[in-house]
Amino acid sequence: MSDAAADLPDAVRRVEIAALAKALPFRVVRTELIARTAEEAAKAVSAEVGQIVKSLVFRGAESGRAYLLLVSGANRVDQALVAGAIGEALERPDADFVREHTGFAIGGVAPLGASSPLPVFMDEDLLGFDAVWAAAGTPYHVFETTPRDLGAATDAVMIRVRATGA
């Protein structure tokens, strides 16, 4: 382990280990600017907002189950549309629920490396980019990869997250 790797927060190391286990080509970057939002992340890595992967956790209204949605930073989730794809209504959980089910704080939730297995659904609009950027466990760490590789590594189901024309 390099000195740089030894200095990484545990959450970032967990993401790196999960990415390596899935043979995901990726590159972790520590940003100088905080990257809690898609806009902040895009600015921090000089990318389009659409290239930023928002890792959003929702709770099933009936089951209480956690679901992870990987959404283009340019899109807002149409909860009714996504609920149809998942099979149950969705609710926005609080920060404690997110941390309990992912091991990450809001603003640093990564697409992989969660503390418990989550079903993953990925915004098909992300496939329109050659490269995407996602949180790597903290609001100051992101990683770059391809959307197809990210979908494969997370076993994501590709879905539409916004109504056509939205």
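Taking R0 as 35 Å, what's the FRET efficiency between ALA89 and GLU32 from their Cβ-Cβ distance, rounded to 0.05? Display every interim value, and only then the final one.
On the way: r = 40 Å, r/R0 = 1.14.
Taking R0 as 35 Å, the efficiency between ALA89 and GLU32 is 0.30.
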Most mobile listed residue (ALA95, ALA66, ALA41) in the chain, GNM with C-alpha springs under 10 Å: ALA95
Column: log10 I(q)/I(0), Debye, Cα scatterers of the range 29-166, q = 0.12, 0.13, 0.21 Å⁻¹: -0.41, -0.49, -1.32
Neighbour cut-off at most 12 other Cβ (10 Å), DSSP loop, GluC sites (Glu not before Pro), the range 93-166: none
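If you take all C-alpha pairs in the range 98-164, what percent of them are over 15 Å apart?
Values: 1215 of 2211 pairs.
For the range 98-164, the share of Cα pairs beyond 15 Å comes to 55 percent.
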Solvent accessible area, Å² - MET122, 1.4 Å probe, full protein context: 0
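Can you list which of the GluC sites (Glu not before Pro) found in the range 1-71 are DSSP loop residues with at most 11 other C-beta atoms within 10 Å? Mind dumping the intermediate values first?
On the way: sites: GLU16, GLU32, GLU39, GLU40, GLU48, GLU62; in loops: GLU32, GLU48, GLU62.
Answer by residue number: GLU32, GLU62.
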For the range 116-140 and the range 97-111, distance of Cα centres in Å: 13
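If you take the square roots of the eigenvalues of the alpha-carbon gyration tensor of the range 1-89 and sort them as a ≥ b ≥ c, do you get rounded (a/c under 1.5), prolate (a/b over b/c) or oblate?
Numbers: a/c = 2.59, a/b = 1.55, b/c = 1.67.
It comes out oblate by the Cα gyration axes.
The values are calculated or read from the model by the stated rules, or taken from the named source; none is laboratory data. Quantities reported herein were computed from a predicted structural model and do not represent experimental measurements. Heads up, the Cβs are rebuilt from the backbone with ideal geometry, glycines too, and the neighbour counts pull from every protein chain shown. These area figures cover heavy atoms from the full protein model, side chains too; ligands, DNA and RNA do not enter into them. Shrake-Rupley method; radii C 1.70, N 1.55, O 1.52, S 1.80 Å.
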